[in-house]
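Presented below is the structure to which this report refers.
The values are calculated or read from the model by the stated rules, or taken from the named source; none is laboratory data. Computed from a predicted model, the values in this text were never measured in an experiment. Glycine also receives a Cβ, built like all others from the backbone with ideal geometry; neighbour counts cover every protein chain displayed. Only protein heavy atoms, including side chains, enter the accessible area calculation; ligands, DNA and RNA are left aside. Shrake-Rupley method; radii C 1.70, N 1.55, O 1.52, S 1.80 Å.
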Protein chains: 2
Amino acid sequence: MSVATETKVSLEGLNLTASRRAVLDIVKGAKKPMKAYDILSDLQQVIPHAKPPTVYRALDYLVTNHLLHRVNAQNAFVYCQHHEKCFHDHPERFNVIFTCITCGAITEQAHHVMSNVMAEMTKAMGFMSDSHILECTGVCKECS
Amino acid sequence: MSVATETKVSLEGLNLTASRRAVLDIVKGAKKPMKAYDILSDLQQVIPHAKPPTVYRALDYLVTNHLLHRVNAQNAFVYCQHHEKCFHDHPERFNVIFTCITCGAITEQAHHVMSNVMAEMTKAMGFMSDSHILECTGVCKECS
DNA sequence: ATAGTTATTGTATATTATATCACTATTAAA
DNA sequence: TTTAATAGTGATATAATATACAATAACTAT
């Protein structure tokens, strides 16, 4: 086995198999939040036998490992631009994802005071946030 | 038509038809977040011909009018305990719904500093929040 | 090599949500 | 009192999202 395989690429200790890597690239390269079946369509260009579970499994892995965010308000997925900042330098930091219910645009914002307040609230509750993501829906500036 | 009909009840200017009222009562009376098809099952005890659109229409109305919250993290609905406080006395107030991904428990919390911070953030962005609800997922005290 | 374990794949199906269209009730105007 | 506009309902079908479960492959420690 001296020939390097294409099926696995190590990125920061992660096990990016072919389908995980392909899903990551698809979401990362998209201009907008991607839904699972949008991703599936694209994925099938590369991996013809891909099925819904292929996508969901890859998404689970990528979300768990903080490479993607799941946006519950749209059942969609976006690339996490701030992987290192969110989880390496400031693991206590909370981001807010604002979703426009009109145009679907998603904006990610953080604010250190809010992170502190959230840290207080979760500490007081004994709640372990798994994502450090807060979601807020409404209408964005352009649409109002 | 001198006999009062049972089909409509006025509550704070709302038009609570029979099915809306029934759905409201079902969610209000439940001990846990209710999913649409859970609600449908219960609703069919009262309105046998109820179908999925019956439930979704009622839910749309009740969420729009702030009697229920939709919890995106679970595709579920909860009664808003603080209808007056949230939307009448303090329309600027943000609540955070914490969802435990292990047991499904939902807790609603507010914090005036966080509300102020969120108000600042949304104002700066020109974002009009439609729900004043932030969602946060993680593991609750009991489950950790 | 082989049993025990973990990871991945395949097939089918479950769950959640909406589109459409015909019909009914209510309200407000002409 | 008709008419028109608006809002709500009922029924059917189907779209969109997601997971359960069984089977197979890959790894690993004896």
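Take the Cβ atoms of A:V63 and B:V63, set R0 to 25 Å, and the FRET efficiency comes out at 0.45. Each copy carries B:A124; placing its label point 7 Å along the C-beta direction from Cα gives inter-copy distances of 2.3 nm, listed from smallest up. In nanometres and ascending order, the distances from the B:G29 label point to those of the other copies are 5.4 (point 7 Å from Cα along Cα→Cβ).
A Förster distance of 22 Å, applied to the separation of the beta-carbon atoms of B:Q44 and B:N75, puts the FRET efficiency at 0.70. Close amide-amide hydrogen proximity is noted between B:C80 and B:L68, B:H69, each under 5 Å apart and 5 or more residues distant or on a separate chain (H modeled in the peptide plane; Pro and chain starts excluded).
Of the whole protein surface, A:T64 contributes about 100 Å² of accessible area at a 1.4 Å probe radius.
Between this copy and the others, label points of A:V63 are 1.7 nm apart in ascending order, each placed 7 angstrom from Cα in the Cβ direction.
Neighbouring Cβ atoms from other chains, within 10 Å of the Cβ of residues in B:69-75, number 3 on average.
The distance linking the range B:93-113 with the range B:42-63 is 26 Å (Cα centroid to Cα centroid, whole angstrom).
Per-residue 3J(HN,Hα) values for the range B:125-142, derived from phi via the Karplus relation 6.51 cos²θ - 1.76 cosθ + 1.60 with θ = phi - 60°, read 8, x, 9, 9, 5, 9, 10, 6, 10, 10, 10, 9, 10, x, 10, 6, 3, 4 Hz in sequence order (x marks Gly and Pro). Computed from label points 7 Å out along Cα-Cβ, the spacing between B:D130 and A:E142 is 1.7 nm. Peptide B:36-49 shows a mean partner chain C-beta count of 0 within 10 Å per residue C-beta. With 25 Å as the limit on Cα-Cα distance, the pairs of B:K32/B:K141; A:K123/B:K28; A:K32/B:K141 that go past it are A:K123/B:K28; A:K32/B:K141. Across peptide B:114-125, the mean count of Cβ atoms from other chains lying within 10 Å of each residue's own Cβ comes to 5. Taking θ as phi - 60° and the Karplus parameters 6.51, -1.76 and 1.60, the scalar couplings of the range A:19-24 work out to 6, 5, 5, 5, 5, 4 Hz in sequence order, x denoting glycine and proline. Interface size, chains A and B: roughly 2800 Å² of accessible area buried, both sides included, 1.4 Å probe, rounded to the nearest 100.
Couplings 3J(HN,Hα) of the range A:107-115, computed from phi: 10, 10, 9, 9, 8, 5, 5, 5, 4 Hz, in residue order, whole Hz [Karplus 6.51 cos²θ - 1.76 cosθ + 1.60, θ = phi - 60°; x for Gly and Pro].
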